[in-house]
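Scroll down for the structure; my scribbles are underneath it.
The values are calculated or read from the model by the stated rules, or taken from the named source; none is laboratory data. Please read these numbers as outputs of a predicted model, since none were measured by experiment. Cβ: placed from backbone, ideal geometry, glycine included. Neighbour counts: every protein chain shown.
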Amino acid sequence: MHAPPSKTQSRGAFGSRLGFILAAAGSAIGLGNIWRFPYTAGENGGGAFVLLYLVFVIGLGLPVLLAELSLGRASKSNPVGAFKRFFPKTLWPYVGGLGVLTGFGILAFYVVVAGWSLSYLGRAFTGTFDGAITAEESGVLFTSIISNPTETVALAGVFLVLTAVVVRAGVGGGIELASKILMPVFFVLLLVLAGRSLTLPGADEGVAFLFGTDFSKLTGQGVMSALGQALFSLSLGMGAMITYGSYLPDKENLPIAGAAVAFFDTAIALLGGLIIFPALFSQGVAPDEGPGLVFVVLPTIFHSLPMGNLFAIAFYGLLSIAALTSTISLMEVVVAYFVDERGWNRNKSVLVIVPATLMLAVPSSLSQGGMDFFTDFIGGKGFLDTQDILFGNISLSVGALLISIFVGWKWGAKEALQEMDNFSLGGVWSILIRFAAPIAVGAVLVTFVVGLFGE
Ligand code: PHE
């Protein structure tokens, strides 16, 4: 065992602004953009949901992102320590604690879906997507994959171990460099796929679905989902960006870095939508199919691309990598907490976190047809969906509400602005974080809770 390094040494920092942007964008860009965004938009009627999501990203997500990054950089600490640093004898550190718990909860279902992606990658290698496959056949394949408990639990485990290996080593030059090469490749692949999808017969219906605004289809739950999706996609409300902000070098311009992350994340989500919906309408798949949407739709278009199977390999490979850079940030939040607050080393932290997460991942795996009890868990929803709503929507919203109140009022917008390098829009940001964010998030949450009881 090495002697424990001093606190400042052990924390480390990103090498440059680019390094930070890549790691933070790596956290933000993941299954949330390619898997969750299209199916959630599909379930909520399309365009009106997308518009609302964009409003939430700009009006709430970006301000909260800057708030979290500032809090992280100013405190140089994990989410619990960040609150403790400024107000130790208060209840505020529990907000950080909720974040750590949420990180664990999201990780536990996220690795299950990431495991599906690995499974598709394996099948791409064996030539499954070589020839034409109808939406129906693709649906059957998907169901058979996700309802097989042995394979899905094993792959979720593999994904957790991969994550742990990187997190244990510390987020160093490795991922920074890898993201620098792989993210642009991923972006190009997405552009090609969008190009193919948009030229399919009937593609315009998909575009109309994504961008046409029919507010009649938007429910209270849909509004909650749009807020949850904006927060989830930007990795907000649970302290991932507090943690990553704590590694952002002081000399880097924080608002520019934050804006770049939000821009790339949103662009990739929209690109995801531009791939899925045209393909979906041209194949006659229903948009409200749920979590299987992307996995069912994409295989139906690979064969119509030159080198379709190679394309499928590249796509699922990169989707898995995008998921990995997100799971790294989820696990990093929990590890940073154990390292900073409990004095554990990284090794011990991951050795505890991996089995604990896998245990919580098992019921999610089994909820896709493997075991009836988890498939129909609460109110007709399976365990995985329940986890997603609880941690991926509600908890993130509560976290974002409390973080905006803390940064806007308790710690203070003025203090936070000190971290924002003469931010020219500082005045607008203050108003958004002090008033708009807490009022809007609070209102959405209250409406949602009232709706739950009103049913
Ligand atoms: N933003 C990630 C995605 O869109 C998921 C995530 C949420 C990661 C919260 C970290 C924290 O896939």
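Selection of segment 85-106 for residues being hydrophobic (A, V, I, L, M, F, W, C) and within 16 Å of the ligand (Cβ to nearest atom) yields V95, L98, V100, L101, F104, I106. Only helices (runs of 4 or more DSSP H) whose full extent lies in segment 40-115 are considered here, and the ones with at least 3 residues that are under 16 Å from the mean Cα position of the chain (by Cα) are 47-56, 62-75. Per the listing T386, T325, the residue uniquely part of a helix (DSSP H, G or I), touching a strand residue (DSSP E or B) at 6+ places or on another chain (Cβ under 7 Å) and under 18 Å from V111 (Cα atoms) is T386.
Among all positions in segment 118-130, there is no residue which is among the polar types (S, T, N, Q), within 16 Å of the ligand (Cβ to nearest atom) and modelled with pLDDT of 95 or more.
Please indicate, with yes or no, whether at least one residue in segment 304-311 is of a type in the set (A, V, I, L, M), more than 12 Å from the ligand (Cβ to nearest atom), touching a helix residue (DSSP H, G or I) at 6+ places or on another chain (Cβ under 8 Å) and outside any helix (DSSP H, G or I). Yes, there is a match, as at least one residue in segment 304-311 is of a type in the set (A, V, I, L, M), more than 12 Å from the ligand (Cβ to nearest atom), touching a helix residue (DSSP H, G or I) at 6+ places or on another chain (Cβ under 8 Å) and outside any helix (DSSP H, G or I). None of A41, A28, A82 is at pLDDT 90 or above, within 16 Å of the ligand (Cβ to nearest atom), out of contact with any strand residue (DSSP E or B) (no Cβ under 8 Å at 6 or more places or on another chain) and farther than 30 Å from I275 by Cα except A82.
The residue that is nearest to the chain's Cα centre (by Cα), counting only those in segment 375-390 that are closer than 18 Å to S144 by Cβ and not small (G, A, S), is L384.
If you go through segment 329-369 and keep only what is surrounded by fewer than 22 Cβ atoms within 10 Å (Cβ to Cβ) and not in a helix (DSSP H, G or I), you end up with G343, W344, N345, G369. Just one of (1) away from the ligand (no atom under 16 Å from the Cβ); (2) touching a Leu at 6+ places or on another chain (Cβ under 8 Å); (3) charged (D, E, K, R) fails for E289. It is (2). Would you be able to say whether some residue in segment 399-413 is among the hydrophobic types (A, V, I, L, M, F, W, C), surrounded by fewer than 21 Cβ atoms within 10 Å (Cβ to Cβ), closer than 30 Å to R73 by Cβ and under 22 Å from the mean Cα position of the chain (by Cα)? Within segment 399-413, none of the residues are among the hydrophobic types (A, V, I, L, M, F, W, C), surrounded by fewer than 21 Cβ atoms within 10 Å (Cβ to Cβ), closer than 30 Å to R73 by Cβ and under 22 Å from the mean Cα position of the chain (by Cα). Is segment 124-143 home to any residue that is of a type in the set (S, T, Y) and over 30 Å from F211 (Cα atoms)? Yes, segment 124-143 has at least one match.
Among the residues making up segment 231-271, those that are within 11 Å of the ligand (Cβ to nearest atom) and not in a helix (DSSP H, G or I) are L234, S235, L236, G237, M238, G239. Among residues of segment 312-335 that are more than 9 Å from the ligand (Cβ to nearest atom), those with a Cβ under 6 angstrom from a residue that is not in a helix (DSSP H, G or I), sequence gap 6+ or separate chain, pair up as A312/F129.
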